Structures are given as structure tokens and as C-alpha cells.
1. List, in order, the whole-Hz ³J(HN,Hα) value for each residue of region 137-151 obtained from phi through the Karplus relation with A = 6.51, B = -1.76, C = 1.60 and θ = phi - 60°; use x for Gly and Pro.
2. Based on alpha-carbon positions alone, could you give the equivalent ellipsoid semi-axes of region 37-151 from the gyration tensor, as √(5λ), descending, whole Å?
Amino acid sequence: MAFFAWSTLAQKDSLEIKPVKIKDQIKFEEGLYNPLSPAKAAFYSAIFPGMGQVYNKKYWKAPIVWGALATSTYIYLDNNSQYKRYRTAFKLREAGFQDEFTLDNGQILVSREGLISAQKTLRKNRDLSVLSTVLIYVLQIVEASVNAHLLQFNTSDDLTFEPIFIPDPIRFEAPKMGLTLTYTF
């Protein structure tokens, strides 16, 4: 048997990494995209509700946020004070004392079942108003962040709609209607 030996050469490794020296600091060109803008808007909204909208220059949204939060807070405070009022009257009546819904001559304006029902309803409304306040608070933070993201998109004002009539080459005599939407990037 004869053995043949061939000498083969492989390619050199192309992953040789040469050290890179930076002469000056890297400077970013100021453009439309600011990656910290959504974070700032969310932070400002979390610190003071409505400030993220002001940061995004959507000034008309801030009074809506303030009004929504003020309304839900007012509803909470009103329901809580009414709940405490009916709860106190129920406790006094159960202990055998006169409450605000019992007149001096002994006439009862609100029954025991009415006091229990009012407490349940007012407690439920109070809890829902707390939930709505928290939900409005979180949503305004999310809205400020999303709006800051969307403000960075470069949109064209040249949005047009042009109807184009394309005749059917097979059935030229039969009129046809259709709609084609074309968009380009």
C-alpha cells in the first residue's frame, strides 16, 4: 500500500481584532429621537399627575387629568363620610342609644335594614372610587409615556387619497368598482 501525504493550507483567521483608539469623545447628533423622553414623561407624571402631559407639550390634557383625579377623589371623600355617618348610626342603634335617624319622639326615619343596606352600598362605592383614582393615576402615567414615544415618529403630512380607475382588460364593457389602498415607506 502506498500512502500519500498532501500538505494543505487553510485560510487565516479573519477575526483578528485590532485595537481601536478614539481621538475625541463620541458626539450624538441632536435629532428627533430622544430615548429618555418617554421615561422623563412617565417620571414627571408619577411625581405630579399631569406634568408628563405638560412635558409632552399637550397642555390641554393636564386639566383633564386633574379634573378626573379631583372628581374621583371627591367621590371617595363623600362616600367615606356618608359611610361613617351610617356606620355610626348603626352602632348607636345596636347599642340602644338614639342616633341621628331617630327623632326625639321615637320615630325611626331609617330602618335597621336601611342602615345595613346604605353601609354596603356606600362602602362599595367608596372602594370603587379608590380603584378608579388609582386607575386614572396609572393611565395618565402610561398615556404620557406612550405619547412621548409617538411624538418621536416622523410622520408625513402628505397623506393623500386618490381614486384610480383601472379598466378590466378581459371584460371591458362591464364596469367594476373597487378600492385599493397603497402606502409606501
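A short reminder: the numbers here are calculations on the coordinates, not readings from a lab. Note that the structure is a prediction, hence the values are computed from the model and not measured.
1. Per residue, the Karplus-derived 3J(HN,Hα) values read 4, 5, 5, 6, 5, 5, 4, 5, 5, 5, 5, 5, 4, 5, 5 Hz.
2. Square roots of five times the eigenvalues give 45, 11, 9 Å.
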